[in-house]
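Colleague: Before I ask anything, let me first share the structure, which is written out below as structure tokens.
The values are calculated or read from the model by the stated rules, or taken from the named source; none is laboratory data. What you are looking at is a predicted structure, and each value in this text was computed from that prediction instead of being measured. Cβ sites come from the backbone with ideal geometry, for glycine too, and all protein chains shown count toward neighbours. Surface accessibility is based on the protein's heavy atoms, side chains included, excluding ligands, DNA and RNA. Shrake-Rupley method; radii C 1.70, N 1.55, O 1.52, S 1.80 Å.
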Amino acid sequence: MEFLGTTQTASYCCPRRSCLFPDAAPTSTTQDSYQSYYLPGYRYLSSWRPALLCTGSSALLPGTDERLGAARRPPTVLPSLPSALHARYSPHDWHQATAAQLMGSEASRRWAGKLNSDSMRLMQDKDQLTFQMQEGSRRNLGQRLSCLDFWRAELVYELEYLLTESQALETGKKRLECAADELQGPLKIALECLYNREKRMGIDLVHDEVEKCLIKEVDLLKDWQARMRKLAERISQQLGINRDVQHALEQDLSDKNSAHFIDEKCFNLRNTSDSINFYHGVEKIDGTVSVPETWAKFSEDNIKSSQRARADSVRLHNETEAALEMASEETWNRYTGTNLAFNKRISEVADAKNKLQAQLAKVLQEIFQTENTIMLLERSIVAKESPLKVAQTRLEGRTKRPNMELCRDAPQFQLVNEVFTIDDTLQTLKQRLREAHDTLQMLVLNKSKLEQELAVKTNSFIIDKRCMDMRKTFPSSPRLVGYV
């Protein structure tokens, strides 16, 4: 570092002088070179003088001793090296640098201004586009609600008429049953037994000996009530069709009520609503199953099906009114054979029901054991997580060793081996846990099947017992022949 001068307040740096200013330089070249040079961190030699000294020296009153003024003003010290008196840059360079700086600043300012104006315009355009899109969606939702209201009204109107016709048809069927009961009690009992046994579920819907006996019992009275039986079957079928159509209408109406509630909720949503949230990726999910044309056609087809069912119901109801005929005949032999078949079938169903209950108890015990195993496996997995965290934390901490200390030493091998071993153990335990869950699921499925089968057997048992209770009121022979 070159020595360029000393502070002007240090008196030992130069001899004391009696004049106020230093002597002029011997040549003009030195003076010019010195005036154009600025020390690093300083502006001019006179600019870094203490203001107190400058003020004090300029405030000397006339008549004051010159020595006093000279003693208060520090001497001027010039750089000691001649090479330091030459400027590093020219005024042209200085002006060029200043102009370049101004041009760069002006360009940055223009660019920033353009960016700000474009950003404001972009934000306004996007805000307007977002508002228009949101209003369009709200308008479409309003139109959708109007369509839903229209079809809901149509479905409610058609459903009310269908229920009325179904109720009238059900009334006609009851009248037929009452007439059959009045004319011939055994036929009613046999038919009710057949109808009740139709409520059996699953595999129990078998054409067994009991059903054969009941059919034969009904066949004995075929000549007396052929039309009535056929008409009752047609009514039953039509009621089934009506129930299917009714279910379709109710399901469609329920779906439209749900859709109306959802669309109305969506219609009432605003930017200030509390229930709005981000659902990333929901716009990529297309779960639609229809278009507006097929959507409207679906409800229209349901209404047309209901209209056809109502027309068929009206025709059946009119036929029922004109076809109320009755007949009666029954024999004790067929009655006894049917009762024997009932007792045998009830015994078989009870035996199967007891076996299913025993198997269900075993399955429940196995489910309990499997659930305990799953609990133990889960605890074991949780217990292995902490050692794995410790080993991985140790490995992560040892990666911060400096320089050559990053040595693949025995602890490093041991920690890596420990991490792999624990991770393999976790994978094995998790695999076993999945297998246990699969086994539990299989057991639960078997339990469900057993319970369902048990419910089927119980239902069949109850139905057959009910049928036997009904057959206790079988009329006597004199009553069947009309003597009483």
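Colleague: Tell me, what ³J(HN,Hα) does each residue in segment 294-311 have, in order and in whole Hz, if you take phi through Karplus 6.51 cos²θ - 1.76 cosθ + 1.60 with θ = phi - 60° and put x for Gly and Pro?
Modeller: Each residue of segment 294-311 in turn: 5, 4, 5, 5, 4, 5, 5, 5, 4, 5, 5, 4, 5, 5, 5, 5, 5, 5 Hz.
Colleague: Okay, next question. So how much slack lies between residue 286 and residue 105, counting 0.36 nm per residue of separation and subtracting their Cα-Cα distance, in nm?
Modeller: Roughly 59.9 nm would be gained on extension.
Colleague: Spin-label point model (7 Å from Cα, Cβ direction): what's the residue 227 to residue 340 distance in nm?
Modeller: Each label point lies 7 Å from its Cα, and together they span 3.8 nm.
Colleague: Based on the alpha-carbon gyration tensor of segment 364-472 and its eigenvalue square roots a ≥ b ≥ c, which shape applies: rounded if a/c is under 1.5, prolate if not and a/b is larger than b/c, or oblate?
Modeller: Values: a/c = 7.10, a/b = 6.84, b/c = 1.04.
The shape class here is prolate.
Colleague: What does the accessible area of residue 332 come to, in Å² to the nearest 10, when a probe of 1.4 Å is used?
Modeller: It works out to around 100 Å².
Colleague: Starting from the residue with the highest accessible area, list 462, 189 in decreasing order, probe 1.4 Å.
Modeller: Descending accessible area places them as 462, 189.
Colleague: Can you tell me the FRET efficiency between residue 163 and residue 295 if r is taken as the Cβ-Cβ distance and R0 is 22 Å, rounded to the nearest 0.05?
Modeller: Computed FRET efficiency for residue 163 and residue 295: 0.35.
Colleague: Then there is this: Of 208, 424, which has the most accessible area with a 1.4 Å probe, and how do the rest follow in descending order?
Modeller: Working: 208 15, 424 95 Å².
Most to least solvent-accessible, the answer reads 424, 208.
Colleague: For residue 400, which lysines qualify as cross-link partners when the Cα separation must be under 29 Å and same-chain residues fewer than eight apart are set aside?
Modeller: Result set, ordered by chain and number: 384, 389.
Colleague: Residue separation times 0.36 nm, minus the C-alpha to C-alpha distance between residue 205 and residue 333: what's the value?
Modeller: 43.5 nm
Colleague: From Cα pairs below 8 angstrom and at least 6 apart in sequence, can you work out the relative contact order of segment 364-472, rounded to a whole percent? Write out the running numbers ahead of the final one.
Modeller: Working: 42 pairs, mean separation 44.5, N = 109.
The value is 41 percent.
Colleague: Leaving ligands and nucleic acids out of the surface, order 335, 157 by accessible area at 1.4 Å, largest first.
Modeller: Result, largest first: 157, 335.
Colleague: Sticking with the crude label model, points 7 Å out along Cα→Cβ, report the distance from residue 403 to residue 145 in nm, one decimal please.
Modeller: Inter-label distance under the simple model: 7.5 nm.
Colleague: Which FRET efficiency, nearest 0.05, do residue 470 and residue 448 yield, Cβ-Cβ r, R0 41 Å?
Modeller: Values: r = 32 Å, r/R0 = 0.79.
The value I calculate is 0.80.
Colleague: Calculate the FRET efficiency for residue 394 and residue 374 from the Cβ-Cβ distance with a Förster distance of 25 Å, rounded to the nearest 0.05.
Modeller: On the way: r = 31 Å, r/R0 = 1.25.
Calculated transfer efficiency: 0.20.
Colleague: Distance in nm between label sites at residue 212 and residue 131, each 7 Å beyond Cα in the beta-carbon direction?
Modeller: 8.4 nm
Colleague: Let me ask something else. Would you kindly find the accessible area of residue 241, with a 1.4 Å probe and non-protein molecules such as ligands, DNA and RNA excluded, rounding to the nearest 10 Å²?
Modeller: The value for residue 241 is about 80 Å².
Colleague: Give me the number: length gained by fully extending residue 437 to residue 244, i.e. 0.36 nm times residue separation minus the C-alpha to C-alpha distance, one decimal in nm. Intermediate results must be reported in sequence, preceding the final value.
Modeller: Details: separation 193, 0.36 × 193 = 69.48 nm, distance 3.94 nm.
Net length gain for the segment: 65.5 nm.
Colleague: With respect to the cross-link table entries 256/284; 304/465; 216/353; 188/344, which display a Cα-Cα separation exceeding 32 Å?
Modeller: Details: 256/284 24 Å; 304/465 43 Å; 216/353 28 Å; 188/344 23 Å.
From the list (256/284; 304/465; 216/353; 188/344), the Cα-Cα distance tops 32 Å for 304/465.
Colleague: Given the peptides 397-403, 171-177, 130-136, arrange them by the average over their residues of other C-beta atoms within 10 Å, most packed first.
Modeller: 171-177, 130-136, 397-403
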